[in-house]
Amino acid sequence: MKRLRAELILLLRAKVSCAALLVLLAAATLAVAAGLAAQHRQVATIARVIAAHQADLVGVTKTYGKPDSDAGNAAYYTFHLTADPPQPLAFAALGQRDLQPFVLRVRLLGLQAQLHETEAYNPELVLPGPFDWSFVLIYLSPLVLIALLHDLVSSEREAGRLRLLAATPGGVSGVWGRRASLRGGLVLAALLLPLWAGAAVAGASPVGVAMLTLAAALYLTFWLGLSLLVAAIGRRSATNAASLIGLWLVMTLLGPALGAVIIARNHPVGQGMDLSLAQREAVHSAWDIPKDAVMTPFKAKHPEWRDTPPVVGRFHWKWYYAMHEMGDDSVAEAFAAYRASLKARALWTDRLGWLLPAAALQSAAHRLAATDLEAHLAYQDRVGAFHRRLQAFYYPYIFSERPFTKRDFERLPKFAAGSEPTELPRQPFAALGLGALLSLAAAAWALRRTQLDG
């Protein structure tokens, strides 16, 4: 304990080391504050939409909830609110929540035209990415470790103290082990203290916070081992720093960018807006074909309405909603291919984590915070299931031509939000664990060789 205290005093006397730790602590604190603010804005946005939606629903109920009201009108003019509120841990890793819609009002019309109509976003605003705690962890914390550890061995060699340290009890391995552990622990503390404070404010579950803490510890352990490896095999401090900065550029910037390009080329993904347009075209073209061309496949899909009287005249609500459902079915295969391509990209991004710990950490953090692609697709799945509930609710009124009254408005289905994930993302954590183990083993070998060389 005395030796560790002495190492702490030496570290605190180094102005550059103290400044690096303070900058990291400040950056992590600002990132947590920014993440909490973004989370609060999204919650406030959902609350405003809910209030406006309730006011709109009251007006629709007064207009279309009369004793003789037509269910088709009620279904057409009634919007149903779906929302994907941020999970408590989302402040730490905002992920795709600044890109993808988290509030969607749907009607009984074709789902595909509604599901992707808000997909477009400004690429210039998206390019920098969100400034959150995971950004500080992935990009800034390795730089601080590099600043603290790059001259661990070379400074002693340049000062002529290396052979003297080798002659002390425990040798240089014990000295460097204490120094590296102390500096790595301080870097981890500078990251975790703001995270834990933010988690307490957000009400995040201890399990999720513990998992994210473990991911951060594994990621920093990898960089600690890599920094020790370069420090042990290098000869000059400046050369070590340059080498580590080069590795940081490759492993956090160039490598992930190149990997994303390769994944995108091998798994091209179209735009969801294309599905929306294709569905709209199918619906619009149905106005120019015989109504039996719509009702025949619809009744084959829904045999419970097979005995519905045929549609006569220019318009009928049951034909109109059948037309929209058949429009969704016309793009079902394209939608399945679109989703499969998205999931393939996500799978290969996880696999990229075996080579690049930054990619593994990003996957783990976004999964734990429920801000990744999987979480957004799960929200879309819940919207799709809710849309089917709307069909099951409205169709008996429309196809049996039953009136839709104010009491029926009170029975409208309600959308259920998702829950906070508690399952450990196995592949990203396995990749982080393997990277940390290999880097520490390589560092231990290099430090041992340095001690033997004197």
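Laboratory data are not the source of any read-out in this text; all were calculated from the coordinates shown. In this text the structure is predicted, and so the values were computed from the model without any measurement. A quick note on method: Cβ atoms are made from the backbone with ideal geometry, for glycine too, and the neighbour counts reach across all protein chains shown.
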- Task: Mind checking segment 343-437 for trypsin sites (Lys or Arg not before Pro) that DSSP puts in a loop (not H, G, I, E or B) and that have at most 16 other Cβ atoms within 10 Å?
- Result: 411, 414
- Mind checking the log10 I(q)/I(0) for segment 291-354 at q = 0.12, 0.13, 0.19, 0.28 Å⁻¹? Debye, one equal scatterer per Cα, no solvent, two decimals. -0.47, -0.51, -0.74, -1.14
- Query: Measuring from label point to label point, each 7 Å out along Cα→Cβ, what is the residue 444 to residue 73 span in nm?
  - Reply: 7.8 nm
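For every other residue with a beta carbon closer than 15 angstrom to the beta carbon of residue 309, add +1 if it is Lys or Arg and -1 if Asp or Glu, then tell me the sum. Could you put the intermediate results ahead of the total?
Working: positive: 291, 299, 306, 318, 402; negative: 292, 304, 307, 401.
That works out to +1.
Of the trypsin sites (Lys or Arg not before Pro) in segment 199-290, which ones lie in a loop per DSSP and count no more than 15 other C-beta atoms within 10 Å? Display every interim value, and only then the final one.
On the way: sites: 235, 236, 265, 280; in loops: 235, 236.
In loop regions of segment 199-290 (DSSP not H, G, I, E or B), the sparsely surrounded trypsin sites (Lys or Arg not before Pro) are 235, 236.
Taking 8 Å as the Cα distance limit and 6 or more residues as the minimum spacing, I'd like the relative contact order of the chain as a percentage.
Values: 568 pairs, mean separation 131.8, N = 454.
For the chain, the relative contact order is 29 percent.
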- Item | For the chain, with +1 on Lys and Arg beta carbons and -1 on Asp and Glu, the positive-most of 145, 255, 302 along the dipole | 145
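Please arrange 115, 373, 99 by counting, for each residue, the other beta carbons lying within 10 Å of its beta carbon, fewest first. Walk me through the numbers before you get to the answer.
On the way: 115 22, 373 19, 99 16.
Exposure proxy ranking, most exposed first: 99, 373, 115.
Fewest Cβ neighbours within 10 Å first, please rank 400, 341, 330, 419 accordingly.
Details: 400 11, 341 14, 330 19, 419 8.
By the 10 Å Cβ count, ascending: 419, 400, 341, 330.
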- Task: Over segment 330-454, consider all pairs of different Cα atoms and compute the Kirkwood hydrodynamic radius from their mean reciprocal separation; express it in Å, one decimal.
- Result: 19.0 Å
- Message: Run lengths n ≥ 4 of DSSP H only: what is the helix-derived mean residue ellipticity at 222 nm for the chain, with -39500 (n - 2.57) per run over all residues, to the nearest 500?
- Response: -22500 deg cm²/dmol
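So if a site counts as exposed when it's one of the GluC sites (Glu not before Pro), its DSSP state isn't H, G, I, E or B, and it has at most 13 other Cβ atoms within 10 Å, what's the longest stretch of the chain without one? Mind showing how you got there, number by number?
Numbers: sites that count: 410, 423.
Between the exposed loop sites, the longest stretch runs 1-409.
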- Message: With unit charges on the beta carbons (Lys and Arg positive, Asp and Glu negative) and the dipole taken about the Cα centre of the chain, which residue among 400, 356, 214 sits farthest to the positive side?
- Response: 214
- Once the principal axes of the Cα atoms of the chain are found, what is the range along each, listed largest first in whole angstroms? 100, 41, 34
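Can you give me the relative contact order of segment 287-413 as a percent, contacts being Cα pairs under 8 Å and 6 or more apart?
Working: 49 pairs, mean separation 26.3, N = 127.
RCO, segment 287-413: 21 percent.
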- Query: With +1 on each Lys and Arg Cβ and -1 on each Asp and Glu Cβ, how big is the dipole of the chain about its Cα centre, in debye rounded to the nearest 20?
  - Reply: 1680 debye
- Query: Amide H to amide H, which residues 5 or more places from residue 82 or on other chains are under 5 Å from it, using H placed in the peptide plane?
  - Reply: 104, 105, 106
- Determine, for each peptide in 101-108, 196-203, the mean count of other beta carbons within 10 angstrom over its residues, then list the peptides with the highest first. 101-108, 196-203
- Can you list the equivalent-ellipsoid semi-axes of segment 362-417, largest first and in whole Å, using the square root of 5 times each Cα gyration tensor eigenvalue? 36, 11, 4
